Number of protein chains: 2
Amino acid sequence: MLSFYCYAPEMTAPSIRARVREELTSEIKAVARRQLTTEGANLSLRAVARELGMVSSAVYRYFPSRDDLLTALIIDCYNELGEAGEKAVEGAEGLLSRWLAFGHGIRDWALAHPAEYALIYGSPVPGYKAPQDTVGPASRTTTVIVKLLVEGYLAGELKGTDERPPLPPPLETEMRRAINEIFPEMPVGLLARGMTAWVQLFGVITFELFGRFNNFIEESRRDFFDHQMRVMARHVGM
Amino acid sequence: MLSFYCYAPEMTAPSIRARVREELTSEIKAVARRQLTTEGANLSLRAVARELGMVSSAVYRYFPSRDDLLTALIIDCYNELGEAGEKAVEGAEGLLSRWLAFGHGIRDWALAHPAEYALIYGSPVPGYKAPQDTVGPASRTTTVIVKLLVEGYLAGELKGTDERPPLPPPLETEMRRAINEIFPEMPVGLLARGMTAWVQLFGVITFELFGRFNNFIEESRRDFFDHQMRVMARHVGM
DNA sequence: AATAAAACGAGAGCACTGCTCTTGACTCGA
DNA sequence: TCGAGTCAAGAGCAGTGCTCTCGTTTTATT
């Protein structure tokens, strides 16, 4: 038995049991993701267990409850979406191109994973309180947008835009205080216009995925999204 | 027995049974609405029946399935929301005021009925296909917006706005064809800008209700919404 | 006014769910 | 080698949507 340790000491360092546990954990998540696409948010833990050939109570060794499984999936999805956005930005040159690439990167991921997008951007379960673990991955996309805008602003690539209508003073102070912690060099006016673009980006995708364009825009949805992103680009001064 | 008919002939015209059926139907919906606020979309038919003091199978005399109950609730909510928007517009004078009143009317209803708003504007159930009965009530809000814009346009109250970026030709033709059926006098450019405002309106409300502003905008959410609506008003040429 | 037909509420029952607890086998670390 | 911890399996509980049956009541017809 000791000889076993000698043959492959660093491989068993995390122990066999820990390794198989990690494998099974991600296998459960993979099966759950697959079932999510057909069943939606009302995911059945027992069905996941059944597909994996184990009994339902065994799954509870890996996820203490169904909500915890969903939370794990949510975190994974946030990270995938954030990575998709980051990669898209990195692969483009120039402010406008990077912004458009970001938007289409987010949209492409959403179209490829509609159930997952609905899970993270759809209706929250009334009782469900988003755990602290989710806020980091969830903020990756917004961080990309803000970074893009601040970089463009500091590089002088953003045209000064119309400041009308003015921000109400209470709103301005609250936004000033919120952005000071992260990007103190960002003007509040730019933040406000960036938030318009942010809402528009996810608003269009959500409407498209949730069927609000049905019987209205059918063929040219990508064109519509692209156009809206260009409108928003102008709005922020690109 | 016949004397009964003679005493109140027109009262029993819709028959006793039909009347009590109608009452029970709306009573079931009322209880379901109340449970919706605490339980969310996973509404329990049995719990509704329990609260009404009847057995679960009796509810099936009134709604053939749980989905049909939810559909009935969805239709009611669409109508309430549409009516809230229409009333708000009627109670205001002038194009900008009417637009702002509409926005706040929608938002106020959403804040007062978050679960109901999530039901109609949240993630659709993957299998759930929206019945034809819902599209009419669902389109009341968009009709208000388009009417407002067309009236303002025909009255010459809308400034001509920048047509950049231009619409891609395939998108323009599809939008032209779609709007021709309802408002042929509406320019496509105005429709596009109106859709931007439409998406922004519901996008901000959805983000606010679904917690996207948490730890960022807390006190001035109404101000933020109002500001966004004014930005959109400028965008469409008000 | 009597009778057939339809609608109704109650109850039992089925297959399913999330979750808990116990039992016996297995693996780990000392 | 041997306790301690981990694991899969199974039984079980309370809850779910939904179906079916069975008497009762109301409606519509003759």
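The values are calculated or read from the model by the stated rules, or taken from the named source; none is laboratory data. The structure presented is a predicted model; accordingly, all values stated were derived computationally and were not measured. Ideal geometry is used to build each Cβ from the backbone, glycine not excepted, and the neighbour counts take in all protein chains shown. Only protein heavy atoms, including side chains, enter the accessible area calculation; ligands, DNA and RNA are left aside. Shrake-Rupley method; radii C 1.70, N 1.55, O 1.52, S 1.80 Å.
Couple of notes before you dig in:
- A search for C-beta distances below 7 Å between a residue of the range A:55-71 that is under 21 Å from A:GLY40 (Cα atoms) and any residue that is open to solvent by 80 Å² or more (accessible area, probe 1.4 Å), counting only pairs 6+ apart in sequence or on different chains, returns A:SER56/A:ARG46.
- Residues of the range A:1-39 that are open to solvent by less than 50 Å² (accessible area, probe 1.4 Å), at pLDDT 95 or above and within 14 Å of DNA strand D (Cβ to nearest atom): A:LEU24, A:THR25, A:ILE28, A:VAL31.
- All of A:GLU116, A:GLU90 fail the test of being under 17 Å from A:LEU209 (Cβ atoms) and either at the interface with chain B (Cβ under 9 Å from one of its Cβ atoms) or at pLDDT 95 or above (or both), apart from A:GLU116.
- Qualifying residue in the range B:181-193 (condition: closer than 15 Å to B:ILE145 by Cα and at the interface with chain A (Cβ under 9 Å from one of its Cβ atoms)): yes
- Within the range B:219-229, being over 18 Å from A:GLN228 (Cα atoms) and within 7 Å of chain A (Cβ to nearest Cβ) holds for B:GLU219, B:SER220, B:ASP223, B:PHE224, B:HIS227.
- Residue in the range B:97-111 that is surrounded by 20 or more Cβ atoms within 10 Å (Cβ to Cβ) and closer than 17 Å to A:PHE216 by Cβ present: no
- Of all residues in the range B:64-104, those being within 16 Å of DNA strand D (Cβ to nearest atom) and touching a Ser or Thr at 6+ places or on another chain (Cβ under 8 Å) number 2.
- Taking helices (runs of 4 or more DSSP H) as the structural unit, those lying wholly within the range B:41-134 and holding at least 3 residues that are over 13 Å from the mean Cα position of the chain (by Cα) and aliphatic (A, V, I, L, M) correspond to B:45-51, B:66-90, B:95-112.
- Residues that are outside the structural domain of B:PRO124 (by TED's automatic domain parsing), out of contact with any Pro (no Cβ under 8 Å at 6 or more places or on another chain), at pLDDT below 95 and open to solvent by 50 Å² or more (accessible area, probe 1.4 Å) do not occur anywhere in the range B:52-62.
- Residues of the range A:121-139 classified as away from chain B (no Cβ under 11 Å), open to solvent by less than 60 Å² (accessible area, probe 1.4 Å) and in contact (Cβ under 8 Å) with a residue 12 or more places away in the chain, total: 2
- Against the numbered list (1) farther than 21 Å from A:GLY85 by Cβ; (2) touching a residue at least 60 places away in the same chain (Cβ under 8 Å); (3) within 13 Å of chain B (Cβ to nearest Cβ); (4) not acidic (Asp, Glu), A:GLY160 comes up short only at (3).
- Test: A:ASN42 is in the same structural domain as A:VAL135 (by TED's automatic domain parsing) and either acidic (Asp, Glu) or surrounded by fewer than 16 Cβ atoms within 10 Å (Cβ to Cβ) (or both): no
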